[in-house]
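Worksheet: one structure, shown below.
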C-alpha cells in the first residue's frame, strides 16, 4: 500500500515538473518565433504542448507498469490471461463432470424403494402390486438421475426419450409372489441396489420381503415426557423437537422401517405441533405430553399419532 502511494506521488511530481518545463519551452518558442518542420511558430508551440502531454501520459503508464505486475498484465497480457482463464475453467468443468459421473447414486445394498403387499386378493393381485412397486422404483431412479444432472450441471445423455434404468430378475419377482401367497400375511417389499450404480447407469436391484407386524396398537402411548409451560416459546419448541425425536427413535427400535429418501418417519401435521406448543405455553406449569397411535402402526409406517396434553 505504501509503495503504491509512493509511486503515485513520484509520478505526480514528475508529471507536474514536465508540464512546467513544457509550458516554459512552448512560451520560449512562441516568443522567439521558432519553427519546426516548416510549421508556423504558433502551431509549433501547440505541437510541443501536445508532445509534452503525450510524454507525461507515457511516462506515467511506464512508471506504473514498472512497479506493478498487475498493471503489466493488464496492459500487455490481458488477452493471454483471458484465454488461460477460459482453458482452466474448461478443465475444471471436465474434471467435475468426470467426478460426478464416478459418484455412485446408489450404494451396494442401499434401499431404493419399498411398498406393502397384501396377499388377501390372490396371486394375480400380488403380481400387480409387485409390478406397481417396481414401476414406482423405476420412476424414482429416473428422477434421482434428473435431479443429479440438474444439481451437478451434467448434461443428460442420449435423447429426451425416457429410458428404463431399472434391471431386475423376473424369476425373482415370481418367487417373491409365490412366497407371499404361501405365507398369506401382509409384507413389506424392499427394493435394494445389488451393486453401486452411477449416473445414467442401469440399476440392478434385488427384492427383499419382510414381515409387516403391528408394533403399536391404536391408542397405545408411544412415548411421554414432561414440559414446563412457563418457559419462553423457543425453549418449548426445542423441547418439543426433542420429544418428537424420542418418539421416532422408539418407533425405529420397535422395527419401523425408514422410507428411502425420506428424512423422517413422523407423519403429523405441523399445525398440530404448533397448537400443542401454544397450549403448553398457555398452561404455564408442568404438562405431560404423550404421543398416542392414531391406528394400528406396522413396521411399514407411517408413524401417525396424536398429541395428548395433561396438565400436572
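The values are calculated or read from the model by the stated rules, or taken from the named source; none is laboratory data. Treat the numbers as computed from the prediction; the structure is a model and nothing was measured. Glycine also receives a Cβ, built like all others from the backbone with ideal geometry; neighbour counts cover every protein chain displayed.
Structural remarks
- Criterion applied to 202, 254, 218, 228 was being exposed (fewer than 13 other Cβ atoms within 10 Å of the Cβ), at negative phi and either in contact with a strand residue (DSSP E or B) (Cβ under 8 Å, 6 or more places away or on another chain) or in the same structural domain as residue 148 (by TED's automatic domain parsing) (or both), and the one residue passing it is 218.
- Members of the stretch 202-245 that are touching a residue at least 40 places away in the same chain (Cβ under 8 Å), farther than 15 Å from residue 276 by Cβ and not in a strand (DSSP E or B): 212, 213, 217, 218, 219, 220, 230
- Selection over the stretch 261-293 of residues that are in contact (Cβ under 8 Å) with a residue 40 or more places away in the chain and surrounded by 13 or more Cβ atoms within 10 Å (Cβ to Cβ) gives a count of 12.
Listed here are the residues, each with its yes/no results for (1) modelled with pLDDT of 80 or more; (2) in contact with a helix residue (DSSP H, G or I) (Cβ under 8 Å, 6 or more places away or on another chain); (3) on the phi < 0 side of the Ramachandran plot.
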{"position": "81", "(1), (2), (3)": "no, yes, yes"}
{"position": "85", "(1), (2), (3)": "no, no, yes"}
{"position": "100", "(1), (2), (3)": "no, yes, yes"}
{"position": "111", "(1), (2), (3)": "yes, no, yes"}
{"position": "114", "(1), (2), (3)": "yes, yes, yes"}
{"position": "124", "(1), (2), (3)": "yes, no, yes"}
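- Answer from 36, 66 - the residue that is at pLDDT below 75, more than 44 Å from the chain's Cα centre (by Cα) and outside any helix (DSSP H, G or I): 36
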